[in-house]
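The values are calculated or read from the model by the stated rules, or taken from the named source; none is laboratory data. None of these values were measured; they are calculated from a predicted model. Cβ placement follows ideal geometry from the backbone for every residue including glycine, while neighbour counts extend to all protein chains displayed.
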Amino acid sequence: MFLKQLSLVFVLFISQLYYAQEDSLSCDVACHCNRNLTPAGVMISHVHPKNEWMLSYRFMQMGMGAPIQRNSAMSELSVFNTYLTYTPAMKMDMHMFMAMVGIWDRLTAMVMLNYLTTSMDMSVFQKDSHHMNGGGMTSNSLMTMNTQGLGDVKLHLLYGVVKNKRSQLIATIGTSIPVGSIQQKGASDDLLYPNSRVPFMMQLGSGSLELLPGLTYVAQTSDLMYSAQVNGVIRLNRNEVGYRLGNEITVNAWLSYNWWKGVGSSIRFEGSSMSNIQGYDKSIYAFNEISANPSNYGGKRIQAYAGVTYQFDTGFIADHRFGLEYGVPIYQYVNGIQNKLNQTWMASWSYSF
């Protein structure tokens with residue numbers, strides 16, 4: 001399936017090269033810089049003219065529910081057969097601050113900072129009392145583990161291989177600088193991780209240098225905008241703790257329509273695949289809970305999103321754009337046992353000048 005989507009992107013690439021003789025770097029009413037219908041969850045949809053800036057903020061919230069094994073629901077008891085605790089819910093909030101600037105008419109630089117807040121609820125086996133790390137745990141003991149802080153910094157260069165009035169083909173290359181902490185620890189009174197590192201999913205970064213290649217095709221008329229995109233994450237080394245998160249590939253296809261003045265609606269499909277973790281953290285007991293086990297990472301997922309955008313044309317907020325997206329998984333197959341993704345919210349603001 002992913003190979004077919006990649007093939008589509010390259011077919012579009014060839015077709016655009018055929019029409020490249022009509023290339024023009026000027027903007028008209030059909031150009032992306034005048035009516036941007038990009039959905040809230042899409043980071044890259046055009047290159048900027050020389051010296052043009054765009055600032056943006058995005059908020060993403062992912063809500064996860066009860067665990068699944070591969071693609072099947074699991075009971076609490078089946079989880080307790082292997083793990084000390086059960087995790088009924090997880091949540092991740094991500095704040096993304098991004099700046100883009102046109103270096104040349106075909107070359108744009110982008111930097112993105114992330115701030116993450118994660119939480120995971122846990123419960124113990126509902127039978128007799130337990131004692132862990134000197135703390136008493138009864139049948140109704142509930143715990144919530146939290147981490148927050150700055151994530152890894154992303155740097156990108158975007159090159160407009162084809163850039164004309166109605167379409168762009170953008171090749172991107174980037175890297176992720178591992179400034180996000182992988183040394184997040186539980187509090188001294190934490191029953192599972194007292195003063196010790198919490199699991200991989202609760203850390204704020206990957207700890208590895210990353211290569212971030214991508215290819216985006218986007219086309220637009222005065223009222224319609226559509227795109228196909230493929231992005232990759234290639235992690236180049238094991239981090240200082242001793243593991244490397246899996247490589248990732250993500251394919252996006254979306255369509256937006258401007259149906260009233262500055263108001264647009266969008267539909268988007270996103271497919272992703274992530275490989276297993278290589279290595280492990282020796283300080284973590286793998287059977288504390290499912291996220292402590294490196295075998296319970298990676299898998300495949302397809303999500304469907306619906307969104308709205310609004311771009312102001314006049315007044316003191318001209319060229320400001322706002323977007324909102326809501327997504328649900330229509331397919332997910334995980335490696336091992338993981339919390340099921342329930343929903344994703346995206347909200348965005350951007351300003352070009």
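Overview of values
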quantity	calculated
Matching entry among Ala228, Ala171 (being buried (at least 18 other Cβ atoms within 10 Å of the Cβ), touching a residue at least 24 places away in the same chain (Cβ under 8 Å) and not in a loop (DSSP other than H, G, I, E, B))	Ala228
Boolean, Met74 is in contact with an Asp or Glu (Cβ under 9 Å, 6 or more places away or on another chain), at pLDDT below 95 and not aromatic (Phe, Trp, Tyr)	no
Candidates Thr344, Thr309 - the one that is polar (S, T, N, Q), closer than 15 Å to Ser256 by Cα, touching a residue at least 40 places away in the same chain (Cβ under 8 Å) and in a strand (DSSP E or B)	Thr309
Any hit, the range 160-168, residues being surrounded by 15 or more Cβ atoms within 10 Å (Cβ to Cβ), under 30 Å from Glu289 (Cβ atoms) and either under 20 Å from the mean Cα position of the chain (by Cα) or not hydrophobic (A, V, I, L, M, F, W, C) (or both)	no
Only listed residue being in a strand (DSSP E or B), closer than 28 Å to Gln278 by Cβ, of a type in the set (Ser, Thr, Tyr) and in contact with a strand residue (DSSP E or B) (Cβ under 9 Å, 6 or more places away or on another chain), chosen from Thr147, Thr216	Thr147
Check on Tyr297, more than 14 Å from the chain's Cα centre (by Cα), outside any strand (DSSP E or B) and modelled with pLDDT of 95 or more	yes
Top-ranked residue of the range 341-353 - restricted to ones that are surrounded by fewer than 17 Cβ atoms within 10 Å (Cβ to Cβ) and more than 30 Å from His48 (Cα to Cα), ranked as farthest from the chain's Cα centre (by Cα)	Asn342
Matching residues in the range 263-284 - criterion: being over 19 Å from the mean Cα position of the chain (by Cα), touching a residue at least 60 places away in the same chain (Cβ under 8 Å) and buried (at least 16 other Cβ atoms within 10 Å of the Cβ)	Gly264, Asp281, Ile284
The range 312-329, subset free of Cβ contacts under 8 Å to residues at least 60 places away in the same chain and under 29 Å from Met274 (Cβ atoms), residue surrounded by the fewest Cβ atoms within 10 Å (Cβ to Cβ)	Val328
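The rows are residues; the columns are (1) closer than 27 Å to Tyr351 by Cβ; (2) modelled with pLDDT under 50; (3) in a loop (DSSP other than H, G, I, E, B); (4) under 27 Å from the mean Cα position of the chain (by Cα).
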| residue | (1), (2), (3), (4) |
| --- | --- |
| Phe10 | no, yes, no, yes |
| Val29 | yes, yes, yes, no |
| Cys33 | yes, yes, yes, yes |
| Pro39 | yes, no, yes, yes |
| Val42 | yes, no, yes, yes |
| Phe59 | yes, no, no, yes |
